[in-house]
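Written below as structure tokens is the structure these notes are about.
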Amino acid sequence: MTMLADRVDGVIGVDTHRDTLTAAAVTAVGGLLGQVAVAADAAGYQRLLNFARAQVAGRRCWAVEGAGSYGAGLVQMLVERGEWVVEVDRPERPTRRGGKTDALDAVRAARQALTQERPTMPRRRGDREALRVLLATRQGAVVARTCAINQLKALIVGAPEELRAELRGRNTSSQVTYCALLRNRPARSLEHRMTIRALRSTAQRVQVLAAEAAELEGEMGRLVAAVAPWLLELPGMGPISAAQVLVSWSHTGRLRSEAAFAALAGVCPIPASSGQVTRHRLNRGGDRQLNRALHTVAQVRLRDDPTTRAYAARRRGDGKSPREIRRCVKRAIARHLFKLLQRYDRPDVQVVRIC
């Protein structure tokens, strides 16, 4: 495998911020050709492209920090113009002991890309970005709903005894419904009346957030059904897990192999052998949201899918622990998903069941 430096005449590194973009052009051996700082807007993007064409007229590549955040607009414009764009990580603290400026970070980004054998391609926008924003918004609603429920529980604990007695013995759903329908009681004390007001407001907030999360989930389901309907037919795959798989995978060609997809998902086996014991453990790295989606699918299949249950029983007979069996199932699911994702837009996709 050749380095990026062997395939280009120069690299343009870009350090991105909210209002400014700083770029540095370097040769294939890392020599600095020039630097420029522009505004983070359409005119600035065009200035950067003109700068790159002047500094590196031949084969060039863009190494962009924050390609999914502050650099998203630049990356979209460059891809539309047919430019080669790769994503580089932002510098960690130990590498900044020699000083830090936007110009230095841009040079570092370009030189870091030159040493990579398999540069990371930025995720695409379009359908993938539509799913991402829905996922992020729904997750925010779910987190806020959990916080509101915790606040409601705390209010109930400290409420006057008469209110506590009315809510005692009810589950969370029943408490939320009951508190949302509470009415003012003018004859009660100020503390009692204000506690009712707080309980009602908090319970109604829980209901609104739950309705928002459900609405966003339905929207995701419709979008996934339009983009990759076969994905929802897989055992254990719901709209949220399917959306996360599509978001993390992004597009064909971004991941070189199913092993790379497994590493991204954090389901590749990690050696954990010692002495005469040979075993593997779960991976704690990778995209944890994708890992959670595959974990959810694996748990559902281990509970409901006969094929997966038979596989788990067979591996249990081989002496595997429940944790090791889950690891094997998640790895098998990742392998199967990658093969389908590589050709998901073809009409002849065959959906088959695996463990």
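The values are calculated or read from the model by the stated rules, or taken from the named source; none is laboratory data. These figures come from a predicted structure and were not determined experimentally. Cβ sites come from the backbone with ideal geometry, for glycine too, and all protein chains shown count toward neighbours.
Laid out as a table, the results:
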item: Residue 42 being among the small types (Gly, Ala, Ser) and in contact with a Pro (Cβ under 6 Å, 6 or more places away or on another chain); result: no
item: Set 110, 180: member being touching a residue at least 60 places away in the same chain (Cβ under 8 Å) and not acidic (Asp, Glu); result: 110
item: Qualifying positions in the stretch 265-303 - over 17 Å from residue 240 (Cβ atoms) and either assigned to a helix (DSSP H, G or I) or not assigned by TED's automatic domain parsing to the domain that holds residue 335 (or both); result: 302, 303
item: Some residue of the stretch 252-269 being farther than 24 Å from residue 87 by Cα, at pLDDT below 85, charged (D, E, K, R) and surrounded by 12 or more Cβ atoms within 10 Å (Cβ to Cβ); result: no
item: Residue under evaluation residue 253, criteria (1) within 22 Å of residue 305 (Cβ to Cβ); (2) assigned to a loop (DSSP other than H, G, I, E, B); (3) not acidic (Asp, Glu), criterion not met; result: (1)
item: Qualifying positions in the stretch 304-321 - in a loop (DSSP other than H, G, I, E, B) and surrounded by 17 or more Cβ atoms within 10 Å (Cβ to Cβ); result: 305
item: Complete set of residues in the stretch 107-116 that are outside any helix (DSSP H, G or I) and closer than 12 Å to residue 87 by Cα; result: 116
item: Residues satisfying the stated conditions in the stretch 206-238, i.e. free of Cβ contacts under 8 Å to residues at least 60 places away in the same chain and within 20 Å of residue 156 (Cα to Cα); result: 207, 208
item: Of the criteria (1) at pLDDT 90 or above; (2) in contact with an Asp or Glu (Cβ under 8 Å, 6 or more places away or on another chain); (3) closer than 24 Å to residue 261 by Cα; (4) not aromatic (Phe, Trp, Tyr), which one residue 119 fails; result: (1)
item: Contacts under 9 angstrom Cβ, first residue in the stretch 301-312 being closer than 22 Å to residue 232 by Cβ, partner in a helix (DSSP H, G or I) and of a type in the set (S, T, N, Q), 6 or more apart; result: 301/307; 301/308; 302/308
item: Selection count, the stretch 169-212, where residues are polar (S, T, N, Q), touching a helix residue (DSSP H, G or I) at 6+ places or on another chain (Cβ under 7 Å) and under 13 Å from residue 151 (Cα atoms); result: 5
item: Flag if residue 222 is among the charged types (D, E, K, R) and under 38 Å from the mean Cα position of the chain (by Cα); result: yes
item: When residues of the stretch 225-241 are limited to those that are under 18 Å from residue 303 (Cβ atoms) and under 19 Å from the mean Cα position of the chain (by Cα), the one surrounded by the fewest Cβ atoms within 10 Å (Cβ to Cβ); result: 238
item: Filter pass, residue 56 being closer than 29 Å to residue 128 by Cα and among the β-branched types (Val, Ile, Thr); result: no
